[in-house]
1. Could you say whether any residue in the range 183-205 is modelled with pLDDT of 95 or more, open to solvent by 20 Å² or more (accessible area, probe 1.4 Å), within 13 Å of ligand 1 (Cβ to nearest atom) and out of contact with any Gly (no Cβ under 6 Å at 6 or more places or on another chain)?
2. When you look at Tyr320, is it of a type in the set (Ser, Thr, Tyr) and assigned to a loop (DSSP other than H, G, I, E, B), yes or no?
3. Go through the range 204-263 and report how many residues are in a loop (DSSP other than H, G, I, E, B), within 12 Å of ligand 2 (Cβ to nearest atom) and in contact with a helix residue (DSSP H, G or I) (Cβ under 8 Å, 6 or more places away or on another chain).
4. Residues of the range 105-149 being crowded, with 20+ Cβ neighbours inside 10 Å and either in contact with a Pro (Cβ under 8 Å, 6 or more places away or on another chain) or of a type in the set (Asp, Glu) (or both), which ones?
5. Which of the numbered conditions does Gln91 fail, given that it passes all the others? Conditions: (1) away from ligand 1 (no atom under 16 Å from the Cβ); (2) touching a residue at least 24 places away in the same chain (Cβ under 8 Å).
6. If Gly99 passes every condition in (1) part of a loop (DSSP other than H, G, I, E, B); (2) open to solvent by 30 Å² or more (accessible area, probe 1.4 Å) but one, which one does it miss?
7. Quick one: what pairs do we get from the range 25-38, first residue closer than 15 Å to Asp229 by Cβ and near ligand 1 (Cβ under 10 Å from one of its atoms), second assigned to a loop (DSSP other than H, G, I, E, B) and open to solvent by less than 20 Å² (accessible area, probe 1.4 Å), C-beta under 6 Å, 6+ apart or different chains?
Amino acid sequence: MSKYSNEQLNELLGQFSMPQIKYLIKPLTDGLINDTFLIYDGSTPLYILQRVNHLVFTDVEGLMNNIQQAFKYLEDNDYSKITLVSPKTGQSHYISPTGDHWRLMTFIDGSTAYNTTENTKIAFEAGRIISKFNSLLQEANLDDYVDTIPRFHDITLRQEQFKSALKTAAPEKLEVAKKAIVFTNEILEKLNALNLKELPIRVCHNDTKLNNILFSKETNKALCLIDLDTLMKGYFLYDFGDAVRTIANTAAEDEQDHSKIIFDKDLFEGFIDGLAVNSSFLTKSEIETLSWGAVLMPFLHGIRALTDYLNNNVYYKVAYENQNLDRSLSLYNFTQKALNHMDYMENVLKEKLS
Ligand code: GN1
Ligand code: MG
């Protein structure tokens with residue numbers, strides 16, 4: 001059940017420059033941060049309406065500005081265009097009397113998204129569109145982009161947040177999460193030795209999980225990336241790692257049956273073949289460290305989920321009490337699998353990207 005009624009949402013749509021008819025509105029429940037709705041005219045989805053969570057994204061103005069800047073570069077025959085519909089006020093988004101931030105975007109007809117895939121063609125297409133996205137943004141000026149969440153993928157920050165959660169967590173939770181806590185400390189030690197400072201800083205997506213890619217329903221050709229809220233400066237290995245954790249693994253992010261969590265080499269190689277199509281912007285040192293992204297990203301999401309579990313689920317939306325713990329355990333399982341495949345990944349990357 002959505003916390004907004006159809007009438008409320010239709011009234012909101014009245015604030016935007018769009019045909020004023022009565023729309024059918026359906027909530028999309030996959031996101032963990034924002035509230036998202038699909039807006040239909042009859043059976044055709046036309047728009048996406050979103051309430052941007054301004055407790056997570058404190059500078060919504062800056063965030064919208066990032067997206068508008070990036071849209072100027074994301075123009076290509078091989079990249080589908082999404083446009084923002086402005087509110088009647090002419091601003092980038094609408095701020096309601098209750099202080100909520102709403103934005104409206106066009107929906108790409110005939111598109112779909114996948115949470116996981118077993119299809120190597122989809123893995124290939126995901127790689128192709130991610131490197132297309134990143135290569136188009138090579139022209140962008142870094143100074144034009146604000147950090148929508150400062151230090152979002154900074155392991156030092158996530159470590160600090162984890163340590164302070166350990167100090168305040170309920171003893172039962174510390175007991176239940178014992179194994180995850182031990183693993184966290186073990187991996188932190190490894191990752192703290194990793195020096196990324198020499199790598200080029202680029203404008204990245206920073207949340208390239210598979211379900212943030214739109215595909216043509218009919219042909220499975222990748223169309224574009226969605227959810228540009230965390231589009232900001234970063235290392236390409238962040239985008240690489242988020243994609244690998246959701247493509248080479250066919251299990252859900254919160255999968256409780258760990259026998260389903262795998263590192264699938266065919267899907268991984270399909271993804272890399274796709275990436276190779278537009279990868280000429282990558283430097284030698286980036287290619288050499290990419291495989292660490294596949295360890296870092298599932299681990300970062302795992303430590304964030306575990307921290308939120310210890311903090312009593314104040315950040316992510318959860319469907320049940322221990323979901324954040326299940327997320328971290330599943331993500332940590334894949335982290336270990338990625339670590340076990342380091343040599344393999346390095347060889348494949350060298351062979352296919354150099
Ligand atoms: C959050 O809400 P959603 O699904 O777009 C999170 C991402 C995680 C994801 C976990 C701003 O994104 O970092 O990858 O959950 N976004 C933020 O699937 O925290
Ligand atoms: Mg997101």
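The values are calculated or read from the model by the stated rules, or taken from the named source; none is laboratory data. Model, not experiment: these values are computed from the prediction. Glycine gets a Cβ as well: all are built from the backbone with ideal geometry, and neighbour counts include every protein chain shown. Accessible surface is based on the protein model in full, side chains and every heavy atom, while ligands, DNA and RNA are left aside. Shrake-Rupley method; radii C 1.70, N 1.55, O 1.52, S 1.80 Å.
1. no
2. Considered against the rule, which asks whether it is of a type in the set (Ser, Thr, Tyr) and assigned to a loop (DSSP other than H, G, I, E, B), Tyr320 comes out as yes.
3. 10
4. The one that is crowded, with 20+ Cβ neighbours inside 10 Å and either in contact with a Pro (Cβ under 8 Å, 6 or more places away or on another chain) or of a type in the set (Asp, Glu) (or both): Glu125.
5. (2)
6. Among (1) part of a loop (DSSP other than H, G, I, E, B); (2) open to solvent by 30 Å² or more (accessible area, probe 1.4 Å), the lone unmet condition for Gly99 is (2).
7. Close Cβ pairs (under 6 Å, with a partner that is assigned to a loop (DSSP other than H, G, I, E, B) and open to solvent by less than 20 Å² (accessible area, probe 1.4 Å)) do not exist here.
For every residue, the table says whether it meets (1) at pLDDT below 95; (2) closer than 29 Å to Ile262 by Cα.
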| site | (1), (2) |
| --- | --- |
| Asn119 | no, yes |
| Ala123 | no, yes |
| Gly127 | no, yes |
| Phe133 | no, yes |
| Leu136 | no, no |
| Glu139 | yes, no |
| Asp144 | no, no |
| Thr148 | no, no |
| Thr156 | no, yes |
